[in-house]
Amino acid sequence: MIARTVVRLTPLLTWTVFLAGPPPLAAQSAESARLVEAAVVFEEIMDAPDRAIPGWVLEGAAAVAVFPSTLKGGFIFGAHRGKGVLSARQPDGNWSAPAFLTLTGASFGAQIGGQAIDLVLVIMNERGLDQLLGNQFKLGVDASVAAGPLGRDAEASTDLQMRAQILSYSRTRGLFAGVTLKGSSIRQDRDANERFYGAAYDTREVIDADAVLTAAVPDAFARWQTTLRQVVP
């Protein structure tokens, strides 16, 4: 696995977190709700054995991103938009603090109607993660993306393991057809990071912050971390 360059928070940023204290709970509420919803979605997907993400996929994952209730709609031309969270696996096996992200994209094809979909992206290697940690990232352009195998008994695919940097999983509610994530953009949500942590950290700063940020976050943080530890091998 390619070693990820660690960018630590500067001492000034570290002291800013501790001296300023946690942001007001009202400012954190939307992001806390997003974290809890993401945890519930991940748990429910993994509780369905015939539709769960196989253990061998998650075991080697460099990071996991969950976008609950991503909205899609259109007639011939379609669009989708969602908000999610990302945590990366640390060298010691623990999971990083969650960074907030937005997902947008458009599609063309045989589609009609609208739906809400829960989306899970499993980043398979450090190269894919490094690409995603940029300010803007396009699925299928900056890194290869493929629909992941389903079911805990699914056999490992050599092609998927060797070629796809990101595997995608979705749980749909409503009617929609012909939608692809290829070309969709993932952007860091620094405004959400600021509301949650009290400073406008970029995604890499959050991922590499270790325990520095934990003093500024509510119970939703613990719920997300617990879910990752229980669900991911």
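The values are calculated or read from the model by the stated rules, or taken from the named source; none is laboratory data. Quick caveat, the model's predicted, so the values are computed rather than measured. A quick note on method: Cβ atoms are made from the backbone with ideal geometry, for glycine too, and the neighbour counts reach across all protein chains shown. The protein model used for the area step is the full one, side chains on, heavy atoms only, and it has no ligands, DNA or RNA in it. Shrake-Rupley method; radii C 1.70, N 1.55, O 1.52, S 1.80 Å.
Look through E155, E194 and report the one residue that is at pLDDT 85 or above, open to solvent by 10 Å² or more (accessible area, probe 1.4 Å) and of a type outside the set (G, A, S). Don't jump to the end; show me each part of the working.
Numbers: E155 fails: at pLDDT 85 or above.
Step by step, each of E155, E194 is checked, and only E194 is at pLDDT 85 or above, open to solvent by 10 Å² or more (accessible area, probe 1.4 Å) and of a type outside the set (G, A, S).
If you take the residues in region 99-119 that are of a type in the set (V, I, T) and at pLDDT 60 or above, which one is nearest to R190 (Cα to Cα)? Steps first, answer last, please.
Step one: filter region 99-119 for residues of a type in the set (V, I, T), giving 102, 104, 112, 117.
Now narrow it down to the ones that are at pLDDT 60 or above: 102, 104, 117.
Numbers: T102: 10, T104: 16, I117: 24 Å.
Only one residue tops the list, namely T102.
Can you tell which of V66, V17, V40, V57 is surrounded by 13 or more Cβ atoms within 10 Å (Cβ to Cβ) and at pLDDT below 50?
When all the criteria are applied, what remains is V17.
What is the one condition in (1) open to solvent by less than 10 Å² (accessible area, probe 1.4 Å); (2) modelled with pLDDT under 85; (3) hydroxyl-bearing (S, T, Y) that S96 does not satisfy?
(2)
Here is a check on your reading of the model: is S32 surrounded by 15 or more Cβ atoms within 10 Å (Cβ to Cβ), touching a helix residue (DSSP H, G or I) at 6+ places or on another chain (Cβ under 8 Å), at pLDDT 50 or above and not in a helix (DSSP H, G or I)?
On the way: surrounded by 15 or more Cβ atoms within 10 Å (Cβ to Cβ): yes; touching a helix residue (DSSP H, G or I) at 6+ places or on another chain (Cβ under 8 Å): yes; at pLDDT 50 or above: yes; not in a helix (DSSP H, G or I): no.
It is false that S32 is surrounded by 15 or more Cβ atoms within 10 Å (Cβ to Cβ), touching a helix residue (DSSP H, G or I) at 6+ places or on another chain (Cβ under 8 Å), at pLDDT 50 or above and not in a helix (DSSP H, G or I).
Would you point out the residue of region 76-93, among those that are open to solvent by 40 Å² or more (accessible area, probe 1.4 Å) and outside any loop (DSSP other than H, G, I, E, B), that is modelled with the lowest pLDDT?
The residue in question is I76.
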